[in-house]
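Visitor: Have a look at the structure that comes next, please.
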Amino acid sequence: MTKKCTVYQNFISDFDPCAAGPCKNGATCMAKVQKGKASYECYCAKGYGGPQCDQRPCDVNPCLHNGTCRTTAGFSSYFCDCLDGYGGKNCDL
């Protein structure tokens with residue numbers, strides 16, 4: 001089955017890419033037009049990141065030996081607070 005979409009000249013639509021709620025965890029969705037296409041950008045709440053604000057660096061529990069995972073400002077990465085006797089990025093040394 002083939003579907004055909006015809007776009008007429010001067011066609012105007014009220015399509016809102018944020019209406020479906022693509023941004024998660026309390027993020028703010030901002031509709032935008034990029035290269036003639038409707039798009040959106042998510043502005044994530046603190047501690048979340050990724051294109052749809054559905055990721056947190058500490059969700060995968062990267063810190064070993066009972067280290068505590070903490071996210072850096074702006075969600076860009078994480079660091080581990082290691083217990084005495086352990087070190088390294090993931091408390092693995």
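Visitor: Taking amide H positions as placed in the peptide plane 1.01 Å from N, state which residues far from ALA27 in sequence (5 or more) or on other chains have amide H under 5 Å from it.
Guide: Under 5 Å from the amide H of ALA27: ALA45.
Visitor: Follow-up. Which ³J(HN,Hα) values in Hz, rounded to whole numbers, follow from the phi angles of the stretch 47-58 under the Karplus curve 6.51 cos²θ - 1.76 cosθ + 1.60, where θ = phi - 60° and Gly and Pro get x?
Guide: x, 10, x, x, x, 10, 6, 10, 10, 9, x, 8
Visitor: Next up: According to a simple spin-label model (label point 7 Å from Cα along Cα-to-Cβ), what is the distance in nm between LEU93 and VAL60?
Guide: In this crude spin-label approximation the distance works out to 2.0 nm.
Visitor: Also, quick follow-up: At a Cα cut-off below 15 Å, give the aspartates and glutamates reachable from LYS37, other chains included and same-chain residues fewer than 8 away excluded.
Guide: Result set, ordered by chain and number: ASP14, ASP16.
Visitor: Show which aspartates and glutamates lie in cross-link reach of LYS46 when reach means a straight Cα distance below 18 angstrom and same-chain residues fewer than eight apart are skipped.
Guide: List returned: ASP54, ASP59.
Each value in this text was obtained by applying a stated rule to the coordinates, not by laboratory testing. Remember, it's a predicted structure, so these values are computed and weren't measured experimentally. Heads up, the Cβs are rebuilt from the backbone with ideal geometry, glycines too, and the neighbour counts pull from every protein chain shown.
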